[in-house]
Structures are given as structure tokens and as C-alpha cells.
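Submitted below is the structure of interest, expressed as C-alpha cells.
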Amino acid sequence: MKRVAVLTSGGDAPGMNAAIRAVVRGGASHGQAVLGVRHGYTGLIAGDFLALDSRSVGGILDRGGTMLGTTRCEELKSEGGLIRAVQKLREQDIAGLIVIGGNGSQAGAYALSQRDYPVVGVASTIDNDLFGSEPSIGSTTALDIALEAIDRLRTTASAHKRVFLVETMGRNSGYLALMAAIAGGAEAVVLPEIESTPESVAEEILDSYRRGKSHAIVVVAEGARLNAHSLAQHFRSRHQELGFELRVSILGHIQRGGPPNAFDRLLATRLAAAAIEYLASERHGVLIGIQRGAISATPLSEVASRVKPIDLELTQLARMLAY
Ligand code: F6P
């Protein structure tokens, strides 16, 4: 029986546990013994492994976070870190590694594969900015959470005729913000990908009131040049002139925690089961994702050198529906 290892890395995403479970149980059916690596690449470099079997991954399908723990590991970016990581894997007679994570994690996976170590990535990030998967594990749950927040904020905003700036996560990508704005019926959206000015956002807000609306929800991506705090500061300094009352709600890590929705459980299970199958059949150096509804394998070299852009045409849809 071959030994393989699995780790979760970078920001946790709802569905990571479902993915670990599928790797372990899929491994059993492919005759692979699976070791978990605690705390991502940091644990790998330290040689922090634990044996996993089908029973040890019971009851985690519906749990958020990751049972293995995760870190953002600077050390793996160095030559020494990479050497130590491969050494620890070889010392334990581990034939391959599955990396469940987003951009930074898959860049690490690519670096390990460049050192001739067999690695398969599994696309997992709430940001949904990973090239090679549409969507990635966790992003639809994070969107659900943002929508629940927006739905709740809209009722209180409407009661007070207020403006709410709602900041969503997403790092440098406006994906979560744009989708939340469309599905949440926001009056305006501020994205990293498109230049907005405080004046243009103020005009969109004022125009919503002129059209008879009783509130204005502005979804602001955390990575936008104008983040929610700076926009709020600007609007407050012009309060007399603008006339609207403003509140700010930063969703932050609430979007990342808690149980995965049905889609993410299924996605995580399908991608991770495919990943262990790839590794067991000696196909590696790829990221397992989903594209046009089917499982896909994209070379890690491509994943590491590209970022998935958002569909900018959807900003027109957001604007049209805000009317
Ligand atoms: O990449 C996932 C993510 O949640 C981003 O949306 C966010 O910018 C970042 O991680 C937050 O990182 P941390 O948990 O280290 O604060």
C-alpha cells in the first residue's frame, strides 16, 4: 500500500473538511494510506504528520474550518523550506501530496512539483480567483453568508432610510462583492477591478433615493482602492451636503466560517475524490477543479502564473438591476 499525504493551506474555506474526508475515503478505495499534515506547509516543514483512516474523518462533512489546521507559510517560499518539505515527505516514505487551498497554496504546490515531487492541488478558496476552477471550494458558501447579511441589513437600512456600506472579503478580487451585489440587489458596488470615485458612488446613492428607494446598499470589495472605511470617511466629511445617514458593516471572517452549503460539500467531495484518483494513477503536477460542470486538471504551472479575472460584463447587469 502506498502512502500519500494531504494538507490544507492558506485561508480556510467551508468544504475543506469534506475534501479531507473524500481524500481519506477515496484513498482507502484506491489502496492508498493517507497521512494528514497538521497546520499546512508549516507543519509539513516540521514533519507534523498524523495517520488518517475512514473513522478519523467521520462527522466532519458539515464542519467549517479544517480539522488539519492551516497556516500561511513564508518558509515554503525559500529554497531551504522547499528542501525541508520534500525531505520530510521522503523520510516518511510518502509517495505524493494533495494540497487543498487557493493561489498561494497552489504556488507552493507548483514549487514542490518543480522539485520532482508528485503533487496534486484541489481548488479551494472563498475568493474564487483561482485559475482552473469555476467555482472553487468555499466561494458559494461565502456568498450565501454575504447575502444573508445583505438581506438583513436591507430591512434595517430601509426602516431608517439609511445607506449601508457592506464590505466583503475577496482579497484582490471583486468576485464576491460583485456576485453579492447582483444577488443581494445592491444599489452600487465598488470593485478592485474598476476605478470608482467617492463622487461617483455618492451620485449612485443619491440617484437611488431620487428614484424613490428607501435605502441604499453599497457592496464594497475589501481589495478596492476605495475601501469601506475610506468611503465612509469621505461621505461623513460631506454629510451636510449629501444628506444621507450612513452605517458600515464589515463582514470579514464571518464569510469564511461555519458549515459548507450543499454545493460546496458536493464540490469538495468530487474534487478531492478526483485528486486522490489522479495521484493513485501517477498523474500529478495539476490542479483539480471544475470547469463547465466537469472535473478538470490544469497544469500547476498555468495555475501559478495566472489569476482568474471576474466577468466585467456582469457589472452592467448589477447596474441595470439596481434601477
Ligand atoms: O483568501 C481568503 C481570504 O479570506 C481573503 O478573502 C482575505 O483577504 C484573507 O483571506 C484574509 O486573510 P487572514 O485570514 O489571514 O486575515
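The values are calculated or read from the model by the stated rules, or taken from the named source; none is laboratory data. All of these numbers come straight from a predicted model, not from anything done at the bench. Because the Cβ atoms are built from the backbone with ideal geometry, glycine has one as well, and the counts that use them run over all protein chains shown. Just the protein is used for accessible areas: all its heavy atoms, side chains included, with ligands, DNA and RNA removed. Shrake-Rupley method; radii C 1.70, N 1.55, O 1.52, S 1.80 Å.
Applying the selection to segment 108-156, what residues are assigned by TED's automatic domain parsing to the domain that holds E193 and without any contact (Cβ under 8 Å) to a residue 40 or more places away in the chain?
L147, E148, D151, R152, T155, T156
Residue-by-condition table, conditions (1) touching a helix residue (DSSP H, G or I) at 6+ places or on another chain (Cβ under 6 Å); (2) part of a loop (DSSP other than H, G, I, E, B):
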{"residue": "Y110", "(1), (2)": "yes, no"}
{"residue": "V122", "(1), (2)": "yes, no"}
{"residue": "P135", "(1), (2)": "no, yes"}
{"residue": "T140", "(1), (2)": "yes, no"}
{"residue": "I145", "(1), (2)": "yes, no"}
{"residue": "A149", "(1), (2)": "no, no"}
{"residue": "T155", "(1), (2)": "no, no"}
{"residue": "L165", "(1), (2)": "yes, no"}
{"residue": "N172", "(1), (2)": "no, yes"}
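Does segment 77-87 include one or more residues that are within 22 Å of A13 (Cα to Cα), open to solvent by less than 20 Å² (accessible area, probe 1.4 Å) and not charged (D, E, K, R)?
no
A further question on this structure: Find the strands (runs of 3 or more DSSP E) located wholly in segment 178-271 whose residues include 3 or more that are hydrophobic (A, V, I, L, M, F, W, C) and surrounded by fewer than 20 Cβ atoms within 10 Å (Cβ to Cβ), and list them.
In segment 178-271, 246-250 are the strands (runs of 3 or more DSSP E) which contain 3 or more residues that are hydrophobic (A, V, I, L, M, F, W, C) and surrounded by fewer than 20 Cβ atoms within 10 Å (Cβ to Cβ).
Quick check on segment 4-53: of everything there that is touching a residue at least 12 places away in the same chain (Cβ under 8 Å) and charged (D, E, K, R), which residue is nearest to the ligand (Cβ to nearest atom)?
If we take residues in segment 4-53 being touching a residue at least 12 places away in the same chain (Cβ under 8 Å) and charged (D, E, K, R), then D12 is nearest to the ligand (Cβ to nearest atom).
For segment 88-134, which residues satisfy the criterion of being polar (S, T, N, Q), within 16 Å of the ligand (Cβ to nearest atom) and open to solvent by 10 Å² or more (accessible area, probe 1.4 Å)?
N103, T125
Does segment 54-102 hold any residues that are free of Cβ contacts under 8 Å to residues at least 40 places away in the same chain, basic (K, R) and more than 26 Å from P260 (Cβ to Cβ), and which are they?
K77, R84, R90
Look at G138 and say whether it is within 12 Å of the ligand (Cβ to nearest atom), modelled with pLDDT of 95 or more and on the phi > 0 side of the Ramachandran plot.
yes
If you scan segment 222-241, which residues turn out to be touching a residue at least 40 places away in the same chain (Cβ under 8 Å) and either under 13 Å from A186 (Cα atoms) or among the acidic types (D, E) (or both)?
E222
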